[in-house]
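Here the structure is laid out as structure tokens; the discussion comes afterwards.
Please treat every number below as a calculation from the coordinates, not as lab data. As the structure is a computational prediction, the values presented were derived from the model and not from experiment. Glycine also receives a Cβ, built like all others from the backbone with ideal geometry; neighbour counts cover every protein chain displayed.
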Amino acid sequence: MKKPIRFLLIAFLFLLLILVRAKSSSWFYDPFTEYFKNDYLYKGIPDFNLIKLLLHILYRYVLNTSVSLAIIYLLFNGKYLKFSLWFYVLAFVVLVLFLTIVLQFSATSDYKLLFYIRRFLIHPIFVLLLIPAFFQKNRITE
């Protein structure tokens, strides 16, 4: 694939990530969005449906991961795609397990932990970490 087309596709995929973020309040169930925008230090956590919350987090994670994997594929010609896929799967399992534990047992006292675990699940942070790491690895191995 020619470089200009590849870069246009990558830019389009980044715009898709922005679209998912912009439409998140209407597309996904997340009672913690408003909670963390307001006086979360002074209020208890809002009522939530755990199963519905986890399903919507999964849906959002899959959307972000799919777009992120496409970006990685286009940038590195599929070289790191298998590793990235396993990384995303493992990260999801570990983070959802921790999120569930925090929500069930200590959400009121560990609001920062809840905030950051949730943030890693709902935002495409991993692509921003993996891309520079892969560029560095490419530079070292060349």
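Things to note:
- Computed FRET value (nearest 0.05) for Val94 with Lys2, which takes r as the C-beta separation and R₀ as 41 Å: 0.60
- Cα convex hull of the chain - mean projected area over all directions, nm²: 9.6 nm²
- For the chain, calculated [θ]222 nm from helices alone, where every DSSP H run of n ≥ 4 adds -39500 (n - 2.57): -25000 deg cm²/dmol
- Against the chain, whose longest principal axis is taken from its Cα atoms, helix 81-101 shows a tilt of about 10°.
- Rounded to whole Hz, the Karplus (6.51, -1.76, 1.60) HN-Hα couplings of the stretch 54-70, x for glycine and proline: 5, 5, 6, 5, 4, 4, 5, 5, 5, 4, 5, 5, 4, 5, 5, 5, 5
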